[in-house]
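The values are calculated or read from the model by the stated rules, or taken from the named source; none is laboratory data. Values in this document were obtained by computation on a predicted structure and should not be read as measured data. Virtual Cβ from ideal backbone geometry, glycine too; neighbours counted across all protein chains shown. To get the accessible areas, we keep the full protein, side chains included, count just its heavy atoms, and leave off ligands, DNA and RNA. Shrake-Rupley method; radii C 1.70, N 1.55, O 1.52, S 1.80 Å.
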Amino acid sequence: MVKEKIMRTAKRVILHLFLLAAVLISIFPFYWMLSGATNSSVNITGGAMWFGSNLKENWSNLQGTANVFLIFWNTIKTTLIYTFLAILICAMAGYGFEKYRSKGKNVVYAMFLLSMMIPFSAQMIPLFKMASKANMLDSHVAIILPTIAMPFLVFFFRQSFQSYPTELIEAARVDGANEFRIFFQLVMRPMKSTFAAAAIYAFMKQWNNYLWPLIVIQSNEKKTFTLLLSSLSSAYYVDYGQLMLAIVLATLPIIIVFLTMQKQFVEGIVGTSK
Amino acid sequence: MKRKMAAMAMTAALVLGTLAGCGKTENAQPETKEEETVADDASGEAAEETETAKEPQSGEEKTITIWAWDDNFNVAVMKEAANVYAQSNPDANVNVDVVSLSKEDVYVKLQTALAGGGSGLPDIVLLEDYVSGKYLNTFPGSFADLTEKFDFSQFLSFKVDAVTQDGKTYAVPFDTGATALYYRLDLVEQAGYTEEDMQDLTWDEFIEIGKTVTEKTGVQMIVEIANNKTTLVRAMMQSCGLWYFDKDGNINIKDNEALKSAFDIIVRMKEAGILYEAESTEGRAGALNNGTVVSVVNAPWFISSIRQAEDQSGLWRAARIPRIAELDSSINASNVGGSSWYVLEKSEVKDEAIAFLQGVWEGNTDFYDTIMLNQGAMGSYIPGYDTGVYDEEDEFFGGQKLNGLFAEILPDVIPVNFGGYVAEANDAITTALANLFEGKVTIDEALEQAEAQLANQLGR
């Protein structure tokens, strides 16, 4: 009995030590990012690990380089609008593919999924031409529109809707509810975690979006955060303090979104919608 | 029930509202910007007739869009140029908009826009001399021919050569990578050498000095980046007037005497234990700032990295780089990098853009003084080197006339044909050097491999 207990405790200690090491490894870059934001560039390249006193100077340097608030606002704006629209459209599409009957539905769906295999770099130039013909260059609409119907999200929603009982939808129809009402009230509510997971996914995707905004945005006033980070890091003399502070600012929203929606995210991915 | 309907209507309205909302704001923007109109009122009434005659909306203010990288260097310099132009030409009626991007981003955007038929392009773009040839070749006719627009004899000949193709000059030369040897005099003196001993060396002499310094101080003599030693290679190569490509643009690696010597010198440095291999560019800056290496070979813009270590003020000196003893063509001057301003042929404000470049970049030595003082940008305009700025003493470099040194080095730099594919060639050379360091191959074999790799990559 006693032996067994000792064995169990030992196992747990080893397990926790292992997990602790894993935590340290994954936390360390974040710690270094934060400490870097408070150090001068010389200290960072010199390998400083502890917090410094340069935060204020880094901030004023960053402010001097670019209009951080405007860039932050641009990024928040495009990301939120994108997330909202992408979820709405992809959820409706996924729902339609799953719950409505129509000829050729699966062929269309298969083609749609196949488009996931075309790399973005191959779509870049045609998309750019389209954007320029539509007079959308240098606008946030051009960032948002092209990927609003994201094959992955449609697929994700369709899979999730499979677990939603069709009988409930039919019963609602018999009771006289129209299709929009069924979708927005009957289907959407119990699938909350699915939507949360999709929201995180779309948010991250747009927040980190780099190549397309780079190509389509022309002026300093329309820039998003990824573009700022990119231009900060390619100077002849890179000010790492300033760069680290910008990275902190760029990372915060994602951390906040993820932490607040983590539970739903995990549930949504695992597929245990209640 | 009704309330629920209302909620749905609200949702729908919200969606439509956001859509309509962004549509409105975005559509308005590309046409005219508000700040410009304000600036317009300030800068006077009528547009200059000569430049704007053929433009449909003459009289209105025009925007010259410029793409460049580095907010503290190129971007700052062009903003200064815009101020100077606005002051000296109050009725030119143009607004200069400098868009700050990273260097790689400039290339990606330019490539996409040129391949996509030419919309969304800037009016002026900064390109490195190392890569511009690629764009001139791939997109012929996309850049304006400036041959007749400037007196290019007033600019450094090696810079003009770099932006000239088939007898046509396509860019206004801007900054140079005049190469110097930056070194810590205090460490060199500890080993018994003087500032005098560091002048006009050969690489053999440099290695000898390096051995003594490393032995006596325990600090390694020179720093290069471990996985990319091409700064040294390129500096040595151009000091002989040779390059990865010959005058006709053909690959010139396996029979390149300068490359052979450069490889040999770098291997000897490594064997002598005087070469510090930094793991990255950050590691290089860190090593210099920490005092773990004595010297570095690089361009004028590198000085800002050295200056970061304020406690080392007065300890640094700069000298001409060593030359290769066994090659008679080798001189104590070279160049690494540099960039120039290109005007896009299809730009709607092409004439205004050229007039702007003429107005500031040609003839205005005060402007060159300002950018030298504020940004440390070393222009290519020869009359610019005659001003008082070049007699100024630099405290960080122990009162040395640092700018004067560059002005002295620059006219000596031998022109070469950069060929447009320097990044690709650098990759091949980096691989070859790594194989050589591992002792797998001889110098000749390493260079043969590099030539084959590059030829394969460029499809030649």
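Mean Kyte-Doolittle of at least 0.0 plus a Cα span of 24 Å or more along the axis: flag which DSSP H helices in chain B meet both, please.
Details: long enough: B:2-28 (38 Å, 0.37).
Both cut-offs are met by B:2-28.
Amide H of B:ALA377: which non-local residues (sequence gap of 5 or more, or other chain) have their own amide H closer than 5 Å, using H built in the peptide plane?
B:MET372
Would you mind working out the magnitude of the charge dipole of the range B:88-172 relative to its Cα centre, with +1 at each Lys and Arg C-beta and -1 at each Asp and Glu C-beta, to the nearest 20 Debye?
180
Among B:ALA262, B:ALA325, B:GLN238, flag the residue with its Cα farthest along the positive direction of the charge dipole of the range B:216-334, charges on Cβ as +1 for Lys/Arg and -1 for Asp/Glu.
About the Cα centre, the residue reaching furthest to the positive side is B:ALA325.
Take the eigenvalues of the Cα gyration tensor for the range B:351-423, scale each by 5, and report the square roots as semi-axes in whole Å, largest first. Write out the running numbers ahead of the final one.
Details: eigenvalues 116, 77, 25 Å².
With the √(5λ) rule applied to the range B:351-423, the semi-axes are 24, 20, 11 Å.
Would you kindly find the accessible area of A:GLU167, with a 1.4 Å probe and non-protein molecules such as ligands, DNA and RNA excluded, rounding to the nearest 10 Å²?
Result for A:GLU167: roughly 120 Å² accessible.
Is there a simple number for the mean count of other chain Cβ atoms within 10 Å of the Cβ of residues in B:135-148, and what is it? Before the final figure, lay out each step's value.
Working: counts 0, 0, 0, 0, 0, 0, 0, 0, 0, 0, 0, 0, 0, 0.
Mean partner-chain Cβ count within 10 Å for B:135-148: 0.
Roughly speaking, to the nearest percent, how much of the range B:195-234's 1.4 Å accessible area is carbon and sulfur? Write down the numbers at each step before the final one.
Details: 610 of 1610 Å².
Heavy-atom surface of the range B:195-234 belonging to carbon and sulfur, 1.4 Å probe: 38 percent.
How many times 2.2 N^0.38 Å is the alpha carbon radius of gyration of the range B:223-272? If you can, show how the numbers build up before the last one.
Details: Rg = 11.4 Å, N = 50, 2.2 N^0.38 = 9.7 Å.
Computed over Cα atoms of the range B:223-272, the ratio equals 1.17.
Using θ = phi - 60° and the Karplus relation 6.51 cos²θ - 1.76 cosθ + 1.60, list the HN-Hα couplings for the range A:167-172 in order, rounded to whole Hz, with x at every Gly or Pro.
For the range A:167-172, the Karplus curve yields 4, 4, 5, 4, 4, 5 Hz.
Using amide H atoms built 1.01 Å from N in the peptide plane, name the residues 5+ places from B:GLN165, or on other chains, whose amide H lies under 5 Å from its own.
B:TYR170
Remind me, relative contact order of the range A:115-272 in percent, using alpha carbon pairs under 8 angstrom and six or more residues apart?
It rounds to 32 percent for the range A:115-272.
Suppose every Lys and Arg Cβ carries +1 and every Asp and Glu Cβ carries -1, with no other charges. What dipole size does chain B come out with about its Cα centre, to the nearest 20 debye?
Values: 34 positive and 76 negative charges, 409 e Å.
It works out to roughly 1960 debye.
Considering the options B:PRO122, A:THR78, B:PRO415, tell which one lies farthest towards the positive end of the dipole of the protein assembly as shown, charges being +1 on Lys and Arg and -1 on Asp and Glu at the Cβ, about the Cα centre.
Toward the positive end, the furthest listed residue is A:THR78.
Counting only protein heavy atoms and a 1.4 Å probe, tell me what percentage of the range A:1-102's accessible area is made up of carbon and sulfur.
Details: 4870 of 6650 Å².
Looking at the range A:1-102 in its full context, I get 73 percent from C and S.
Please give the charge dipole size of the range B:230-302, origin at the Cα centre, charges +1 on K and R Cβ atoms and -1 on D and E Cβ atoms. Round to the nearest 20 debye.
Values: 7 positive and 9 negative charges, 19 e Å.
I would put it at about 100 debye.
From other protein chains only, count the Cβ atoms within 10 Å of every residue's Cβ in A:77-85, then give the mean.
Numbers: counts 3, 1, 0, 1, 4, 0, 0, 3, 4.
Neighbouring Cβ atoms belonging to other protein chains average 2 per residue here.
So how do B:ASP71, B:ASP412, B:ASP328 rank on accessible area, 1.4 Å probe, biggest first, that is with the largest at the start?
Output order, biggest surface exposure first: B:ASP328, B:ASP412, B:ASP71.
Take the alpha carbon gyration tensor of the range A:1-129, find the square roots of its eigenvalues, order them as a ≥ b ≥ c, and report rounded if a/c is under 1.5; if not, report prolate when a/b exceeds b/c, else oblate.
Details: a/c = 2.99, a/b = 1.23, b/c = 2.44.
Oblate is the answer for the range A:1-129, as a/c is 1.5 or above yet b/c matches or exceeds a/b.
Find the all-direction average of the projected area of the Cα convex hull for chain B, expressing the result in square nanometres with one decimal place.
Details: hull surface 117.0 nm².
Average projection, Cα convex hull of chain B: 29.3 nm².
Which of the listed residues, B:LEU436, B:THR387, B:GLY359, is farthest toward the dipole's positive end in the protein assembly as shown, when Lys, Arg count +1 and Asp, Glu count -1 at the beta-carbon?
In the protein assembly as shown, that residue is B:LEU436.
Given a cut-off of under 8 Å on Cα pairs at least six residues apart, what relative contact order in percent is computed for the range A:185-274? Walk me through the intermediate numbers first.
On the way: 56 pairs, mean separation 50.3, N = 90.
Dividing the mean separation by the residue count of the range A:185-274 yields 56 percent.
Tell me, what is the percent relative contact order of chain B, built from C-alpha pairs under 8 Å that lie six or more residues apart? Intermediate results must be reported in sequence, preceding the final value.
Working: 771 pairs, mean separation 104.7, N = 460.
After rounding, I find 23 percent.
Express the accessible area of the protein assembly as shown per residue in Å², computed with a 1.4 Å probe while the remaining protein chains stay in the model.
Working: 33650 Å² over 734 residues.
That works out to 46 Å² per residue.
Can you list residues from other chains, or at least 5 along the same chain, whose modelled amide H is less than 5 Å from the amide H of B:ALA178?
Those lying under 5 Å, H to H, from B:ALA178 are B:VAL336.
Could you calculate, for the range B:225-308, the ratio of the Cα radius of gyration to the Kirkwood radius, expressed as Rg to Rh? Numbers along the way, then the final one.
Numbers: Rg = 14.5 Å, Rh = 14.2 Å.
In the range B:225-308, Rg relative to Rh is 1.02.
What whole-number distance in Å separates the alpha-carbon centres of the range B:258-327 and the range A:11-86?
Centre-to-centre (Cα) distance: 32 Å.
Which value, to two decimals, describes the C-alpha radius of gyration of the range B:183-255 once divided by 2.2 N^0.38 Å? Walk me through the intermediate numbers first.
Numbers: Rg = 15.8 Å, N = 73, 2.2 N^0.38 = 11.2 Å.
Compactness ratio reported: 1.41.
Sorted from largest down, give the three principal axis spans of the alpha carbons of the range A:53-181, whole angstrom values.
65, 35, 27
Given a 1.4 Å probe and no ligands, DNA or RNA in the count, how much accessible surface is buried by B and A, both sides, to the nearest 100 Å²? Can you show the working numbers first?
Details: alone 20700 and 16860 Å², together 33650 Å².
Summing both sides, the interface buries roughly 3900 Å².
Across peptide A:57-68, how many C-beta atoms of other chains are within 10 Å of each residue C-beta, on average?
Values: counts 0, 0, 0, 0, 2, 0, 0, 2, 4, 2, 0, 0.
Per-residue shielding by partner chains comes out at 1.
Based on the alpha-carbon gyration tensor of the range B:107-220, what equivalent-ellipsoid semi-axes (square roots of 5 times the eigenvalues) come out, in whole Å, largest first?
Details: eigenvalues 409, 61, 24 Å².
Working through the eigenvalues yields semi-axes of 45, 17, 11 Å.
So, taking all protein chains as they sit and a 1.4 Å probe, how much accessible area belongs to B:ARG320, in Å² rounded to tens?
40
Considering only the protein assembly as shown, what is the antiparallel percent among its DSSP beta bridges, to the nearest 5?
On the way: 26 of 42 bridges.
Given both bridge residues lie in the protein assembly as shown, the antiparallel proportion sits at roughly 60 percent.
Which of the lysines could be linked to B:LYS260 by a straight reach, that is with a Cα gap under 28 Å, when you skip same-chain ones fewer than 8 residues away?
Cross-link targets: B:LYS134, B:LYS159, B:LYS211, B:LYS229, B:LYS247, B:LYS270, B:LYS440.
Checking a compactness column here: for chain A, what do you get for Rg(Cα) / (2.2 N^0.38 Å), N being the number of residues?
Working: Rg = 23.8 Å, N = 274, 2.2 N^0.38 = 18.6 Å.
Here the answer is 1.28, to two decimals.
Please label the shape of the range A:149-218 as rounded, prolate or oblate, based on the square roots a ≥ b ≥ c of the eigenvalues of the alpha-carbon gyration tensor (a/c under 1.5 means rounded; beyond that, a/b larger than b/c means prolate, else oblate). Provide the component values of the computation, followed by the final result.
Numbers: a/c = 3.38, a/b = 2.65, b/c = 1.27.
Note, shape of the range A:149-218 comes out prolate.
For the protein assembly as shown, treating each Cα as an identical point scatterer without solvent, what Debye log10 I(q)/I(0) comes out at q = 0.05, 0.06, 0.09, 0.11 1/Å?
Debye intensities relative to I(0), on a log10 scale: -0.33, -0.46, -0.96, -1.27.
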